[in-house]
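A.B. asks: Have a look at this one.
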Amino acid sequence: MNTFNNLLAQLQGIVGAEQVLTEGDLTAYEQDWRKRERGKALAVVRPASTDEVAQVVKACAAAQVSLVPQGGNTGMVVGSIPDTTGTQVLLSLRRLNRVRAVDAANLTVTVEAGCVLQTLQEVCEKEGFLFPLSLAAEGSCTIGGNLATNAGGTQVVRYGNTRELCLSLEVVTAQGEVWSGLTGLRKDNTGYDLRHLFIGSEGTLGVITAATLRMYPLPASQLTAFAAVPSLEAAVQLLGLAHKYLNAGLTGFEVMGDFALSLVRKHFPQQTVPFAGLSPYCVVLENSDHESESHARAQFERLLEAALEDGCVLDAVVAENLAQARALWHIRESIPLAQAQEGLNIKHDISIAVSRIPAFVQETDALLEQHFPGVRLVNYGHLGDGNLHYNVQAPAGTDAQAFLRDQEGAINALVYAMVDRYNGSISAEHGIGSLKREKLAHHKSPVALNAMRAIKRALDPKNLMNPGRVLSIE
Ligand code: FAD
Ligand code: S2G
Ligand code: ZN
């Protein structure tokens, strides 16, 4: 107990007593967003500078106390909350949140890890630029969490994941040293590209404290369309036409199953969801044009005419203005929230080659309905980049808690076996955390796992950085 008391005194000396939380309601830090897991921290520590982070890491390393870095705590794989032992320091980066520099000529922005994604989007827009990472959690997730999970979101089809948006990092290593690589260079072939080790490492290799990220010129016009499509095959066909007619202008392509949309209608009746019951799937797609709104509109009209002719679109609306566009996107972004309101659900964040998605869904839907009669399939997500949120809700009128307790393992096993059969990934964008650690060990090649363990042992030999997340190396 003495070690802990000495450490807490040290931590208070580093960040200030009011930034070391050991009592009161710590739910926001200790419970995961899905409300399915809860941990207990030795303390929540909230540094406000890279130097304070380095000193906190050093103090914890000296005391052999492990750390869990946390940004907005919107992660989906139980990677950002402490375990239940009450012996871990929860390191909240939320106070380390400044935008350090916008470099217009270099088209880069340097920002600290705790900056909320939406704040960064707004700062860049004010400067006349686009920071194109966009996801439904953008109001609370942070840049550090986005980098640590290599977040995807709704614009990956055009701009890639967070990884592609990051040019350089500042990191506090597991030993409490500061690696400051914030060059903002697009070319730098001087040895191993270390940033790519830390991006997607989920807090298990070091603490990301800042990053230099790409910005893009703001498009002249961003138009949104919402289309009813007769099948998933038709949605894939529409995606092909969108690539052909919009090319680099295609900046978003999301598919939504009718049941997923029915949950939005049920839980958010104030939203007007078009084409109720008209088709099994709808698509929301975005055209970002650098010429003008009229040019963007003409392009969309040509695309939708061709799609109607091909029969892959039954009906479509194109937003007349920004408010309508936002309302259409809000429908898509409300699906995870509507799911949460409907009750506990089983999430599968999977990726399959786009061409094979219809066959995967047809086969897996049939197997799930055969083996788990009455399950409700909430299928939606980033079809543009092959990432589906293939979620399963308990049968209507049943005890969701009991259903998950009794069936989640078997449902996961069935879905992931089908993902393997279709050469897909069991985690497209949310990462592994502790939730999928055993599944990773089962689905990833031993050669890959050994290489990952070697990296973990090299960078965090004491296994104090978010232990038990992604890999177990005891
Ligand atoms: P946290 O949840 O706080 O942490 C996530 C992981 O990163 C943990 O392992 C944590 O230890 C680590 N970490 C956090 N900060 C740091 C740091 N500074 N240094 C090192 N490690 C760190 N994800 C997507 O990819 N695409 C989506 O479309 C998407 N949609 C979502 C919609 C909703 C409604 C919700 C609730 C979540 C969604 N997510 C999505 C998941 C989540 O928002 C992302 O994983 C996001 O990147 C997490 O950011 P965060 O700041 O909340 O990180
Ligand atoms: C999204 C949210 C996670 C889920 O909204 O794109 O990443 O499955 C998802 O609820
Ligand atoms: Zn997603």
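The values are calculated or read from the model by the stated rules, or taken from the named source; none is laboratory data. From a predicted model like this one, the values you see are computed outputs, not experimental measurements. Methodologically, a virtual Cβ is constructed for each residue, glycine included, from the backbone with ideal geometry; neighbour enumeration extends over all protein chains shown. Surface areas here come from the heavy atoms of the whole protein model, side chains and all, with no ligands, DNA or RNA. Shrake-Rupley method; radii C 1.70, N 1.55, O 1.52, S 1.80 Å.
A.B. asks: Looking at segment 459-474, I want the residues that are in contact (Cβ under 8 Å) with a residue 60 or more places away in the chain and have a partner that is open to solvent by less than 20 Å² (accessible area, probe 1.4 Å) and among the charged types (D, E, K, R) with Cβ atoms under 6 Å, at least 6 apart or on another chain. Which pairs are those?
C.D. replies: Matching pairs, first to second residue: 471/456.
A.B. asks: Of the residues that make up segment 247-254, is at least one farther than 30 Å from residue 196 by Cα and open to solvent by less than 40 Å² (accessible area, probe 1.4 Å)?
C.D. replies: Checking segment 247-254: not a single residue is farther than 30 Å from residue 196 by Cα and open to solvent by less than 40 Å² (accessible area, probe 1.4 Å).
A.B. asks: Okay, moving on. When only residues in segment 81-91 that are open to solvent by less than 20 Å² (accessible area, probe 1.4 Å) and in contact (Cβ under 8 Å) with a residue 60 or more places away in the chain count, which is farthest from ligand 1 (Cβ to nearest atom)?
C.D. replies: Filtering first and then ranking leaves 89.
A.B. asks: Just for segment 156-174: of the residues that are polar (S, T, N, Q) and open to solvent by 20 Å² or more (accessible area, probe 1.4 Å), which one is nearest to ligand 2 (Cβ to nearest atom)?
C.D. replies: The first filter runs over segment 156-174 and keeps only residues polar (S, T, N, Q), leaving 161-162, 168, 173.
Remaining after also requiring open to solvent by 20 Å² or more (accessible area, probe 1.4 Å): 161, 173.
Numbers: 161: 12, 173: 30 Å.
For segment 156-174, the residue satisfying everything is 161.
A.B. asks: Of the residues 191, 184, only one is surrounded by fewer than 22 Cβ atoms within 10 Å (Cβ to Cβ), more than 16 Å from ligand 1 (Cβ to nearest atom) and under 29 Å from residue 467 (Cβ atoms); which?
C.D. replies: 191
A.B. asks: Take the residues of segment 332-382 that are of a type in the set (Gly, Ala, Ser) and more than 16 Å from ligand 3 (Cβ to nearest atom): which is surrounded by the most Cβ atoms within 10 Å (Cβ to Cβ)?
C.D. replies: That would be 343.
A.B. asks: Here's a follow-up. How do the pairs read when you match residues in segment 137-148 that are assigned to a loop (DSSP other than H, G, I, E, B) with residues anywhere that are within 16 Å of ligand 3 (Cβ to nearest atom) and among the hydroxyl-bearing types (Ser, Thr, Tyr), using Cβ under 9 Å and keeping only pairs 6 or more apart or on different chains?
C.D. replies: Hits for this filter: 137/74; 140/74; 141/74; 141/149.
A.B. asks: Just one of (1) touching a Gly at 6+ places or on another chain (Cβ under 9 Å); (2) of a type in the set (Gly, Ala, Ser); (3) part of a strand (DSSP E or B) trips up residue 381, so point out which.
C.D. replies: Residue 381 satisfies every listed condition except (1).
A.B. asks: Follow-up. Of the residues in segment 268-290, how many are over 19 Å from residue 255 (Cβ atoms) and either out of contact with any Ser or Thr (no Cβ under 8 Å at 6 or more places or on another chain) or surrounded by fewer than 13 Cβ atoms within 10 Å (Cβ to Cβ) (or both)?
C.D. replies: Result for segment 268-290: 4.
A.B. asks: Take the residues of segment 58-75 that are in a loop (DSSP other than H, G, I, E, B) and among the hydrophobic types (A, V, I, L, M, F, W, C): which is least open to solvent (accessible area, probe 1.4 Å)?
C.D. replies: So the first thing to find is which residues in segment 58-75 are in a loop (DSSP other than H, G, I, E, B), and the list is 63-66, 71-75.
Subset that is among the hydrophobic types (A, V, I, L, M, F, W, C): 63, 65.
On the way: 63: 23, 65: 4 Å².
Looking at residues that are in a loop (DSSP other than H, G, I, E, B) and among the hydrophobic types (A, V, I, L, M, F, W, C), I get 65.
A.B. asks: Checking residue 432 against (1) more than 15 Å from the chain's Cα centre (by Cα); (2) of a type in the set (Val, Ile, Thr); (3) not in a helix (DSSP H, G or I), only one condition comes out false. Which one?
C.D. replies: Looking at each condition in turn, residue 432 falls short on (1).
A.B. asks: Next question, about the same structure. Scan (1) more than 16 Å from ligand 3 (Cβ to nearest atom); (2) crowded, with 17+ Cβ neighbours inside 10 Å for the single condition residue 322 breaks and write down its number.
C.D. replies: (2)
A.B. asks: If I ask for residues that are open to solvent by 50 Å² or more (accessible area, probe 1.4 Å) and either away from ligand 2 (no atom under 13 Å from the Cβ) or touching a Pro at 6+ places or on another chain (Cβ under 6 Å) (or both), which ones from segment 383-408 would you list?
C.D. replies: 396, 397, 398, 399, 401, 405, 406, 407
A.B. asks: Scan segment 104-136 for residues that are part of a loop (DSSP other than H, G, I, E, B), touching a strand residue (DSSP E or B) at 6+ places or on another chain (Cβ under 7 Å) and within 24 Å of residue 220 (Cβ to Cβ) and jot them down. Give the derivation first.
C.D. replies: So the first thing to find is which residues in segment 104-136 are part of a loop (DSSP other than H, G, I, E, B), and the list is 104-107, 113-115, 127-128, 131-136.
Restricting the remaining residues to those that are touching a strand residue (DSSP E or B) at 6+ places or on another chain (Cβ under 7 Å) gives 107, 113-115, 127, 131-132.
The answer is 107, 127, 131, 132.
A.B. asks: Among the strands (runs of 3 or more DSSP E) confined wholly to segment 159-268, which include 1 or more residues that are under 23 Å from the mean Cα position of the chain (by Cα) and within 30 Å of residue 55 (Cα to Cα)?
C.D. replies: In segment 159-268, the matching strands (runs of 3 or more DSSP E) lie at 166-173, 206-214.
A.B. asks: Filter segment 428-455 for residues that are touching a residue at least 40 places away in the same chain (Cβ under 8 Å) and either of a type in the set (Ser, Thr, Tyr) or surrounded by fewer than 21 Cβ atoms within 10 Å (Cβ to Cβ) (or both) and give the result.
C.D. replies: 434, 455
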